[in-house]
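The structure appears right after this line, and notes come after that.
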There are 2 protein chains.
Amino acid sequence: MDREQNGRNLTQQLVHTLGAAIASGRYKVGEGLPSEAHLCEEFGISRSATREAIKMLTAKGLISSRPRQGIRVQPRETWNMFDPDVLGWILRGQPTLEMLKEFLQLRVAIEQEAAALAAEDQDRPKIAAIGAALRRMKDAEEGLGDSVDADIAFHISILKATNNPFYMQLSSFIETALRVSIRFTNRIKGVETASYKNHKRLYDAIDQGNVRAARKASDTMQIEALELIKSELANKVA
Amino acid sequence: MDREQNGRNLTQQLVHTLGAAIASGRYKVGEGLPSEAHLCEEFGISRSATREAIKMLTAKGLISSRPRQGIRVQPRETWNMFDPDVLGWILRGQPTLEMLKEFLQLRVAIEQEAAALAAEDQDRPKIAAIGAALRRMKDAEEGLGDSVDADIAFHISILKATNNPFYMQLSSFIETALRVSIRFTNRIKGVETASYKNHKRLYDAIDQGNVRAARKASDTMQIEALELIKSELANKVA
DNA sequence: GAGTGAATATTCATATGATAAATCTACACA
DNA sequence: TGTGTAGATTTATCATATGAATATTCACTC
């Protein structure tokens, strides 16, 4: 194993190496990974480090480990899909259009309601943070700063403005999903899709506490992207 | 530590003991847990077992561990709230009304869209499974079987009918949230709140592929509960 | 006195070897 | 054919030693 990989320690490195391998399907569900002893040899590290990596992957639901049975890949239903690492491993591979659609179907649900909650909650400092993110998007349109980062920051700031820890916790999920989606849609359309106008409409609705308008603005933004992907999917099949 | 705790091995036991302690707030965020060596002594187990438990909790985002700094409780934002274990530890404690409200706010988003997706997708076998769960609810009303279990099975079957792995993965989240919520609302109202009629309306909408009606039926079911909790919250404050 | 940097001590990280526990497999036996 | 037992394999746990990282302290310089 490449011991220079980032600043991570051995255990972390192995976790990411194996996690990515499992997510990519290199090890099939149900089948076994190499045994503990075999992994040590393969990566040239001690049993402690290996076992700790195995335990971390177990905690994320990717594998199980029992005496005499060995280490097995668990069915995907038990994977902690909302764990940022797991999500990253899945997406880092080859995100299929199908997968992108599934992401967006969840984003539609989450972000729409988040916008509504933010509008309802009226936490002024946090709404100000949304405004700041909006300005960053405008700046980005004029070449100042990265537009993808600004776009993501905007969406995250809305989640934070819900003051609901569950929505806040979805930040990393949304961030990952969004980054992949944006890259993908930009590739399809050949242009940047982030539209300042749509985002401003959403911000204004939240700022004014207009729950219904906030929900609608969020919905509008996402349905576009979802339709795009669905039509791409249809093309692929045809 | 009680070595007879379930069939779990030492590491698992320690994970659950510490996880529950952290979630309950026994160890404050930012502050340190006892050091590795101290934990070994306290629970009478070896360093390997202790370290593996620490790694599992790290993987779930509850703690961090660095040389010379020790083991620290991470801020709640980094906890994997959607990990069934973490969620269980949080709820097993004393779920506050506030927390219940937050759950429900997420359920509203998820289940509403899930119902819409199920109606749109029209996966007949899975819709049949929703019908079966509905019948179990009816039976439960007549004293055959547990009504809470039947209620939960109904909601889970809708998630499965979306054919979207992200929604499916939320099953355990919804199950936990639902079980706690039902117990709570029943206590408040002094009666069973599961209403067969509402659930049937939702099933019919999905069965007929009526996306709009499905969304609305799901929404109606949950807004009721949310309003109940909100008014309880208002009472408490007053 | 303030700031800088080296020495120190503490704590986690890794390695290794030994033993225990779990459980699958196969074989002998009824 | 079914059942129980012995053996083999693999993870689980323990114990101990050494390495690496870093917060703290304190002496030193300006």
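Provide the three semi-axes, in whole Å and in decreasing order, of the ellipsoid equivalent to chain B as defined by the square roots of 5 times the Cα gyration tensor eigenvalues. Before the final figure, lay out the partial values.
Working: eigenvalues 302, 77, 58 Å².
Ellipsoid half-lengths, sorted descending, are 39, 20, 17 Å.
Taking Cα atoms, how many degrees apart are the long axis of helix B:10-23 and the longest axis of chain B, rounded to 10 and kept between 0 and 90?
70
What's the carbon and sulfur percent of the range B:127-207's accessible surface, probe 1.4 angstrom, rounded to a whole number?
Values: 1820 of 3520 Å².
For the range B:127-207, the apolar C and S fraction of the accessible surface comes to 52 percent.
With each run of n ≥ 4 DSSP H residues scored as -39500 (n - 2.57), what mean residue ellipticity at 222 nm is computed for chain A after dividing by its residue count and rounding to the nearest 500 deg cm²/dmol?
-22500 deg cm²/dmol
Distances from B:ASN235 to the same position in the other copies: list them in nm, one decimal, shortest first, using label points 7 Å from Cα along Cα→Cβ.
Here the equivalent label points are 5.8 nm apart from this one.
For chain A, with only Lys/Arg (+1) and Asp/Glu (-1) charged at the beta-carbon, what is the dipole magnitude about the Cα centre, in debye rounded to 20?
420
Around B:ILE63, which amide H atoms from residues at least 5 apart in sequence, or from another chain, sit under 5 Å from its own amide H, with H modelled in the peptide plane?
B:THR58, B:GLN74
Give the shape of the range A:130-201 as rounded, prolate or oblate, defined through the alpha-carbon gyration tensor: a ≥ b ≥ c are the square roots of its eigenvalues, a/c under 1.5 means rounded, and otherwise the shape is prolate if a/b is larger than b/c and oblate if not. Numbers along the way, then the final one.
Values: a/c = 2.32, a/b = 1.34, b/c = 1.73.
It is oblate, given that a/c is not under 1.5 and a/b is not larger than b/c.
Aspartates and glutamates within cross-link reach of B:LYS236: Cα-Cα under 16 Å, excluding same-chain residues under 8 positions apart?
Result set, ordered by chain and number: B:GLU98, B:GLU227.
Note the distances from A:GLU120 to each other copy's matching label point, with points 7 Å along the Cα-to-beta-carbon direction, in nm, sorted shortest first.
Label-point distances to the other copies, shortest first: 2.3 nm.
Given q = 0.14, 0.18, 0.19 Å⁻¹, what are the Debye log10 I(q)/I(0) values for the range A:30-167, with equal point scatterers placed on the Cα positions and solvent ignored?
Each listed q corresponds, in turn, to -0.84, -1.04, -1.10.
For helix B:147-161, what angle does its Cα long axis make with the longest principal axis of chain B, in degrees from 0 to 90 and rounded to 10?
Computed tilt is about 90 degrees.
Computed from the mean reciprocal separation of all distinct C-alpha pairs, what Kirkwood hydrodynamic radius does the range A:55-120 have, in Å?
The Cα-based Kirkwood calculation yields 14.1 Å.
If contacts are Cα pairs under 8 angstrom and at least 6 residues apart, what is the relative contact order of the range B:114-173 in percent?
Working: 55 pairs, mean separation 25.8, N = 60.
Contact order relative to length: 43 percent.
Based on the Kirkwood radius over alpha-carbon pairs, what is the Stokes-Einstein translational diffusion coefficient of the range A:10-78 at 4 °C with 1.567 mPa s viscosity, in µm²/s?
Rounded to a whole number, D works out at 110 µm²/s.
Looking at the range A:138-238, which GluC sites (Glu not before Pro) are in a loop (DSSP not H, G, I, E or B) and have at most 13 other Cβ atoms within 10 Å?
Passing both the DSSP loop test and the Cβ count: A:GLU142.
List the accessible area buried at the contact between B and A, summed over both sides and calculated with a 1.4 Å probe, in Å² to the nearest 100. Let's see the in-between values first.
Working: alone 12740 and 12730 Å², together 22230 Å².
Interface area, both chains combined: 3200 Å², rounded to the nearest 100.
Given Cα pairs under 8 Å that are at least 6 residues apart, what percent is the relative contact order of the range B:95-237?
39
Just check the protein assembly as shown against the gyration tensor rule for me: Cα atoms, a ≥ b ≥ c as the square roots of the eigenvalues, rounded for a/c under 1.5, and otherwise prolate or oblate depending on whether a/b exceeds b/c.
Here the protein assembly as shown falls in the rounded category.
What do you get for the angle between helix A:97-121 and the principal long axis of chain A? Use alpha-carbon atoms, 0 to 90 degrees, nearest ten.
50
Straight-line reach from A:LYS230: which lysines fall under 23 Å, measuring Cα to Cα and dropping same-chain residues less than 8 apart?
A:LYS101, A:LYS189, A:LYS216, B:LYS126, B:LYS160
The values are calculated or read from the model by the stated rules, or taken from the named source; none is laboratory data. Keep in mind it's a predicted model, so treat the numbers as computed, not measured. With ideal geometry, Cβ positions are generated from the backbone for all residues, glycine too; neighbour counts draw on all protein chains shown. For the accessible areas, the whole protein counts, side chains as well, though only heavy atoms, and no ligand, DNA or RNA atoms are used. Shrake-Rupley method; radii C 1.70, N 1.55, O 1.52, S 1.80 Å.
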